[in-house]
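S.K.: Here it is, the structure in full.
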Amino acid sequence: MAEIIAIASDHAAFDLKSALVTWLRDEGHEVLDLGPDGPASVDYPDYGYRLADAIAAGDAARGIALCGSGIGISISVNRHPAARCALVSEVLSARLSREHNDANVIALGARLIGIEQARACVDAFLSTPFAGDRHQRRVDKLTHPRFHKDHA
């Protein structure tokens, strides 16, 4: 069964979102497009929260968050405790976000990355498994803050 990939953006990243939706579907992925539906100005937190809620609800296994820089929308996604969103701009970071951090969302900045690099980052993010082992306890500390008490 194929994973559902959720994607959301603000107005600055609408064109990148549209291009990635088309590419992902052409690659055989099921895509949950959470908006916006056009390039009119919108507030990135609304779409970041929508994406995080979709991940938390199990409507999608992974997510792609896009705004002009990727910074604002990644902050909004990470407000949800079920989301681990990594802002990436190159393939190694995209791969490590999965391998070491079990990121379930990546953020990209449309004003900072081209479509080819964005596709390469998304491909690395979707194809890299979580390594587990020693990384699992670190991810647990992100997911369950009580685990970080009294640990240096």
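Nothing in this text is a laboratory measurement; each read-out follows from the coordinates by a stated rule. Treat the numbers as computed from the prediction; the structure is a model and nothing was measured. Here the Cβ is made from the backbone with ideal geometry for all residues, glycine too, and neighbour counts use every protein chain on show.
S.K.: Given Cβ point charges of +1 (Lys, Arg) and -1 (Asp, Glu) and nothing else, what value in debye, to the nearest 20, does the dipole of region 4-148 about its Cα centre take?
M.R.: In debye, rounded to 20, region 4-148 gives about 680.
S.K.: If you don't mind, there's one more thing I want to ask. Give the value in nm², to one decimal: projected area of the alpha carbon convex hull of region 77-133, averaged over all directions.
M.R.: 3.9
S.K.: Given points 7 Å out from each Cα along the Cα-Cβ axis, report the residue 27 to residue 4 separation in nanometres with one decimal.
M.R.: 1.9
S.K.: Would you please state which residues of region 62-82 a label at residue 56 would reach in this model, taking the label point 7 Å out along Cα→Cβ and a backbone N cut-off of under 15 Å?
M.R.: Counting only backbone N, you get 75-82.
S.K.: Sticking with this one: Tell me the relative contact order for region 4-148 as a rounded percent, counting alpha carbon contacts under 8 Å between residues six or more apart.
M.R.: For region 4-148, the relative contact order is 23 percent.
S.K.: Could you compute the net charge surrounding residue 77? Neighbours are other residues with a C-beta less than 11 Å from the C-beta of residue 77; K and R count +1, D and E count -1.
M.R.: +2
S.K.: If you don't mind, there's one more thing I want to ask. Rounded, prolate or oblate: pick one for region 24-85, where a ≥ b ≥ c are the square roots of the eigenvalues of its C-alpha gyration tensor, a/c under 1.5 means rounded, and failing that, prolate if a/b is larger than b/c, else oblate.
M.R.: Judged from the Cα gyration tensor, region 24-85 comes out oblate (a/c at least 1.5, b/c at or above a/b).
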